[in-house]
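The values are calculated or read from the model by the stated rules, or taken from the named source; none is laboratory data. Everything numeric in this text was worked out from a predicted model, so none of it was measured. No Cβ is skipped: glycine too gets one built from the backbone with ideal geometry, and neighbour counts run over all protein chains shown.
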Amino acid sequence: MTTPILEIRNLHARIEDREILKGVNLTIPAGEVHAVMGRNGSGKSTLSYVLAGKEDYEITEGEVLLDGQDLLAMEPFERASAGLFLAFQYPIEIPGVATMTFLKAAMNAQRKARGEGEMTTPDFMRAVKQAGTELNIDTEMLKRPLNVGFSGGEKKRAEVLQMALLQPKMCILDETDSGLDIDALQVVSKGVNALRSAGRSMLVITHYQRLLNHIVPDVVHVFSDGKIVESGDKDLALQLEAKGYADFDGAAA
């Protein structure tokens, strides 16, 4: 049996005096795409922040393994080097940091962590051009500072471009469909689907079933009051879309 890419066991986390994650258990085998659905305030995004290492949260119990390694013992940059990638719901603008400079620095940091040499500029440019073409990314966009003046769709495409270049083991997509029109959603979803592979797993966090029409998950989990209360196949997402989350509110008790 292969080691799961991500294994979360009884994870509890709080911010200040408020417990938000209340015993999360989740195992994602290599090559699978899992979706987490839940209403606002259920703790879905907190789970992504805790996995990425956002410092505001205190882990009070539980463990997380990334490809068999203790994720919670790592600094955020070590988690990224180990193969974890978080696509944000609202990517921030970073004035003064050129997009291409950022991409090259990120790729070379990953290569260094793997014991590989730095990528030459021509090889880097070829990789960006190929990945950008597949995501309908205009090279003019990449000449701007990171995310500055980007539309919602451009920001999400830029994040999927980062994923395509960095080739992470574990991709976490936190409400990637937020603020996207249907055309942008299709482009972003196509880019994500192109990254599906036997050695890579994905966790897709969303409110709405519409994203899962484009990125079809292997397993759907319902998140309520800080934990997973139900799991099933993609039909569970359709059930949630039809009935809402009320049927699962009591299940978290």
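Taking region 205-253 as the range and being among the β-branched types (Val, Ile, Thr) and under 29 Å from Glu19 (Cα atoms) as the test, the residues that pass are Ile205, Thr206, Val219, Val220, Val222, Ile228, Val229. Would you check if there is a residue in region 156-167 being closer than 21 Å to Phe77 by Cα and in contact with a Lys or Arg (Cβ under 8 Å, 6 or more places away or on another chain)? Yes, region 156-167 contains a residue that is closer than 21 Å to Phe77 by Cα and in contact with a Lys or Arg (Cβ under 8 Å, 6 or more places away or on another chain).
Applying the selection to region 119-168, what residues are β-branched (Val, Ile, Thr) and not in a helix (DSSP H, G or I)? Don't jump to the end; show me each part of the working.
Pass one, region 119-168, residues β-branched (Val, Ile, Thr): 120-121, 128, 133, 137, 139, 148, 160.
The answer is Thr120, Ile137, Thr139, Val148.
Look at (1) closer than 15 Å to Ala164 by Cα; (2) within 23 Å of the chain's Cα centre (by Cα) and you find that Phe124 fails only one, number (2). Kindly provide the set of residues from region 50-66 that are in contact (Cβ under 8 Å) with a residue 24 or more places away in the chain and either closer than 19 Å to Phe88 by Cβ or surrounded by 18 or more Cβ atoms within 10 Å (Cβ to Cβ) (or both), ordered by number. Correct list: Val50, Leu51, Ala52, Gly53, Asp56, Tyr57, Val64, Leu66. Considering the conditions (1) outside any loop (DSSP other than H, G, I, E, B); (2) out of contact with any helix residue (DSSP H, G or I) (no Cβ under 9 Å at 6 or more places or on another chain), Pro4 is excluded by exactly one of them, (1).
Check whether at least one residue in region 191-205 is within 22 Å of His12 (Cα to Cα), in a loop (DSSP other than H, G, I, E, B) and small (Gly, Ala, Ser), and report yes or no. The answer is no; no qualifying residue exists.
Select from region 8-60 the residues that are farther than 27 Å from His214 by Cβ, in a strand (DSSP E or B) and either of a type in the set (Asp, Glu) or out of contact with any Ser or Thr (no Cβ under 8 Å at 6 or more places or on another chain) (or both) and list them in ascending order. Residues satisfying the conditions are Arg9, Asn10, Leu11, Arg18, Glu19, Lys22, Gly23, Asn25, Glu58, Ile59, Thr60. In region 113-120, is there at least one residue being of a type in the set (Lys, Arg) and in contact with a helix residue (DSSP H, G or I) (Cβ under 6 Å, 6 or more places away or on another chain)? Scanning region 113-120 turns up no residue that is of a type in the set (Lys, Arg) and in contact with a helix residue (DSSP H, G or I) (Cβ under 6 Å, 6 or more places away or on another chain).
From the list Thr139, Thr121, Thr133, exactly one residue is among the hydroxyl-bearing types (Ser, Thr, Tyr) and either buried (at least 17 other Cβ atoms within 10 Å of the Cβ) or modelled with pLDDT of 90 or more (or both). Which is it?
Details: Thr139 fails: either buried (at least 17 other Cβ atoms within 10 Å of the Cβ) or modelled with pLDDT of 90 or more (or both); Thr133 fails: either buried (at least 17 other Cβ atoms within 10 Å of the Cβ) or modelled with pLDDT of 90 or more (or both).
Checking each option against the conditions leaves just Thr121.
Is it true that Leu161 is surrounded by 15 or more Cβ atoms within 10 Å (Cβ to Cβ), of a type in the set (A, V, I, L, M), at pLDDT 95 or above and under 28 Å from Leu211 (Cα atoms)? Step through it out loud before you land on a result.
Numbers: surrounded by 15 or more Cβ atoms within 10 Å (Cβ to Cβ): yes; of a type in the set (A, V, I, L, M): yes; at pLDDT 95 or above: no; under 28 Å from Leu211 (Cα atoms): yes.
Answer is no for this residue.
The condition (being farther than 23 Å from Pro29 by Cα, among the aliphatic types (A, V, I, L, M) and modelled with pLDDT of 85 or more) is satisfied by just one residue among Ile172, Ile182: Ile182.
Would you pick out the residues in region 207-233 that are of a type in the set (S, T, N, Q) and either at positive phi or in a strand (DSSP E or B) (or both)?
Start the filter on region 207-233 by keeping residues that are of a type in the set (S, T, N, Q), which leaves 209, 213, 224, 231.
Within region 207-233, Ser224, Ser231 meet the criteria.
A search for C-beta distances below 9 Å between a residue of region 72-83 that is under 16 Å from Asp56 (Cβ atoms) and any residue that is of a type in the set (D, E, K, R) and surrounded by fewer than 18 Cβ atoms within 10 Å (Cβ to Cβ), counting only pairs 6+ apart in sequence or on different chains, returns Leu72/Glu63; Pro76/Lys54; Pro76/Glu55.
Find the residue count for region 109-118, including only residues that are part of a loop (DSSP other than H, G, I, E, B) and surrounded by 13 or more Cβ atoms within 10 Å (Cβ to Cβ). The total comes to 1.
Residue by residue, here is whether (1) farther than 23 Å from Tyr49 by Cα; (2) basic (Lys, Arg); (3) within 17 Å of the chain's Cα centre (by Cα) holds:
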{"site": "Ser189", "(1), (2), (3)": "no, no, yes"}
{"site": "Val192", "(1), (2), (3)": "no, no, yes"}
{"site": "Ser197", "(1), (2), (3)": "yes, no, yes"}
{"site": "Ile205", "(1), (2), (3)": "no, no, yes"}
{"site": "His221", "(1), (2), (3)": "no, no, yes"}
{"site": "Ser231", "(1), (2), (3)": "no, no, no"}
{"site": "Leu238", "(1), (2), (3)": "yes, no, no"}
{"site": "Asp247", "(1), (2), (3)": "yes, no, no"}
